Every structure is written in C-alpha cells, then in structure tokens.
1. I'd like to know if the stretch A:41-64 contains one or more residues that are surrounded by 12 or more Cβ atoms within 10 Å (Cβ to Cβ), more than 22 Å from the chain's Cα centre (by Cα) and closer than 26 Å to residue B:41 by Cβ.
2. Which numbered condition in (1) assigned to a loop (DSSP other than H, G, I, E, B); (2) free of Cβ contacts under 8 Å to residues at least 24 places away in the same chain; (3) out of contact with any helix residue (DSSP H, G or I) (no Cβ under 6 Å at 6 or more places or on another chain) is the only one that residue B:9 fails?
3. Report, by residue number, each residue of the stretch B:120-144 that is crowded, with 16+ Cβ neighbours inside 10 Å and out of contact with any strand residue (DSSP E or B) (no Cβ under 8 Å at 6 or more places or on another chain).
4. For the stretch B:113-138, enumerate the residues that are in contact with a helix residue (DSSP H, G or I) (Cβ under 9 Å, 6 or more places away or on another chain) and assigned to a helix (DSSP H, G or I).
5. Pick from the stretch A:72-119 the residues that are under 20 Å from residue B:31 (Cβ atoms) and surrounded by 15 or more Cβ atoms within 10 Å (Cβ to Cβ): which of them is nearest to the other protein chains (Cβ to nearest Cβ)?
6. Give the residue, chosen from B:97, B:81, B:141, that is touching a helix residue (DSSP H, G or I) at 6+ places or on another chain (Cβ under 8 Å), free of Cβ contacts under 8 Å to residues at least 40 places away in the same chain and over 20 Å from residue B:8 (Cα atoms).
7. Checking the conditions here, which among B:103, B:85, B:61 is touching a strand residue (DSSP E or B) at 6+ places or on another chain (Cβ under 9 Å) and over 20 Å from residue B:124 (Cα atoms)?
8. Pick out, from the stretch A:1-75, the helices (runs of 4 or more DSSP H) lying fully within it that include 1 or more residues that are modelled with pLDDT of 95 or more and under 30 Å from residue A:95 (Cβ atoms).
C-alpha cells in the first residue's frame with residue numbers, strides 16, 4: 001500500500017483551526033500551537049456553558065421575582081407556594097417578565113398567592 | 001420572549017435613609033447591602049450597577065449582640081513582620097463609629113468591579129445630622 005503522510009490534511013487541519021480562532025487575543029489567534037489548545041478549551045467551555053446558561057437564567061428570574069415580591073412583604077418561597085396552591089402554572093421566566101412589564105397582572109398574582117398561602 | 005436586560009442608561013440611583021439607633025449591625029447591613037447592590041429591583045441585571053444611595057445616621061448607636069463589643073475583632077496587617085494589628089469592635093467604634101457599619105456592609109457586597117462604586121453610594125454618619133436633605137431620601141425598605 002502507498003504510504004500516506006500528513007502534508008495536505010495536516011495543512012487543512014491547521015488552516016481550519018486558525019480560521020476558528022479568529023477573534024481570540026494575541027498569540028492565541030496567531031500561533032498554531034497556542035491556538036490549538038485555546039480552541040480545545042473554548043469549545044469545551046462553550047459546551048459546558050450552553051448547559052449552565054439554563055441554570056444561570058433560572059437563578060436570575062428567581063432573583064427578580066424575589067425582588068418584586070419582597071417589596072410587597074412576602075418572600076419568594078411563600079409566593080411560589082401560593083401560586084402552586086392556587087393552580088397558577090406560569091413559569092419563572094414569565095413571572096419575572098410580568099414583574100417588570102405588567103405590574104397590574106403581577107399584583108393580581110400576588111393577591112392570589114397571598115390568599116392561597118394564608119389558607 | 002427574551003429575558004429583560006437592563007442597560008446602564010436605564011439605571012436610576014435613588015436615595016434611602018436609615019436610622020441605625022438600636023438596630024443590630026448584621027441585620028441592618030443586609031438591608032443596606034441589598035439596596036446598594038440593586039438586588040431589590042425586579043429589573044436587577046447581574047453586570048449592571050443599578051444600586052441606590054443609602055444614608056445611615058446615628059451610626060454610633062448601632063447594636064451588637066452578646067459580648068461582641070468586646071469579642072468581635074478587626075484585623076489589619078501593615079505588611080511588616082509582626083505588623084498584625086487587632087482592634088475590638090468597641091475600640092473601632094469609639095474611634096470611628098462609621099467604620100463598623102462600612103466594614104460590615106462591604107463584607108456583604110459581592111467582590112466585583114461594581115463594589116467600589118456601590119460603596120461610594122453609602123454615606124454613614126455618627127450622629128443624627130446628614131447633608132443629603134436635598135436628595136429627599138426615602139426610608140430604607142425592611143429586611144423582609
């Protein structure tokens with residue numbers, strides 16, 4: 001069998017890496033050896049953080065809902081418990097958005113939660 | 001639907017005032033730190049500094065539980081050998097009544113680039129007088 005060396009494909013691989021590291025800083029963009037390692041790391045972080053993003057946003061919504069309900073004198077946990085008891089199934093994303101964009105609707109939810117929590 | 005993101009242009013730094021007389025240091029510092037960091041607003045966005053100003057009066061009348069005036073210690077180091085300085089809460093409060101509250105609040109704010117800016121919005125006064133009457137500060141919301 002003919003012997004195959006890496007000339008063409010090695011070059012192709014290096015070009016691909018150099019293309020993908022555009023926008024990195026300093027030698028991480030210019031120097032193949034450094035760039036290759038930086039690329040491996042960046043892909044690994046991107047994979048991890050696409051999953052972490054879902055948690056990050058949920059925790060942000062919880063912070064915002066908490067801020068909105070505490071000024072009305074109840075805590076996040078009491079509020080969510082009250083909503084669950086009264087059968088409201090809005091998710092935290094929608095609740096956080098209502099707290100900012102539609103105070104009237106959020107106020108009604110607050111009342112619902114308060115009544116349900118007292119029972 | 002996209003999650004709302006506050007921009008720096010939309011931030012509004014309001015003013016709050018609180019009387020420290022008879023208040024427990026930690027409980028008070030939690031309330032102050034919340035207002036300074038902006039986490040009491042439903043528009044809170046982690047990387048945007050949307051904190052409010054807080055004026056604290058009667059800092060010299062703040063309370064500590066148990067024997068903490070004698071037992072709570074503040075450590076500093078001058079970076080010279082043997083340069084560790086230790087002060088009790090009583091000693092610090094006698095010299096600088098404001099610093100007890102400032103230090104407690106500082107420790108409750110997250111260590112990030114916004115912390116110094118947020119601490120600059122905290123004004124602590126030993127007595128009942130303060131020069132921020134023109135800002136018309138509202139009472140600080142409770143710990144609830």
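The values are calculated or read from the model by the stated rules, or taken from the named source; none is laboratory data. Everything numeric here is computed off the predicted structure, so don't read it as measured data. Here the Cβ is made from the backbone with ideal geometry for all residues, glycine too, and neighbour counts use every protein chain on show.
1. no
2. Every condition holds for residue B:9 apart from (1).
3. The one that is crowded, with 16+ Cβ neighbours inside 10 Å and out of contact with any strand residue (DSSP E or B) (no Cβ under 8 Å at 6 or more places or on another chain): B:126.
4. Once the filter is applied, which keeps residues that are in contact with a helix residue (DSSP H, G or I) (Cβ under 9 Å, 6 or more places away or on another chain) and assigned to a helix (DSSP H, G or I), the stretch B:113-138 yields B:115, B:118, B:119.
5. A:74
6. On the way: B:81 fails: touching a helix residue (DSSP H, G or I) at 6+ places or on another chain (Cβ under 8 Å); B:141 fails: free of Cβ contacts under 8 Å to residues at least 40 places away in the same chain.
Step by step, each of B:97, B:81, B:141 is checked, and only B:97 is touching a helix residue (DSSP H, G or I) at 6+ places or on another chain (Cβ under 8 Å), free of Cβ contacts under 8 Å to residues at least 40 places away in the same chain and over 20 Å from residue B:8 (Cα atoms).
7. The conditions single out B:85.
8. On the way: elements: A:7-20, A:27-30, A:32-70.
Hits in the stretch A:1-75: A:32-70.
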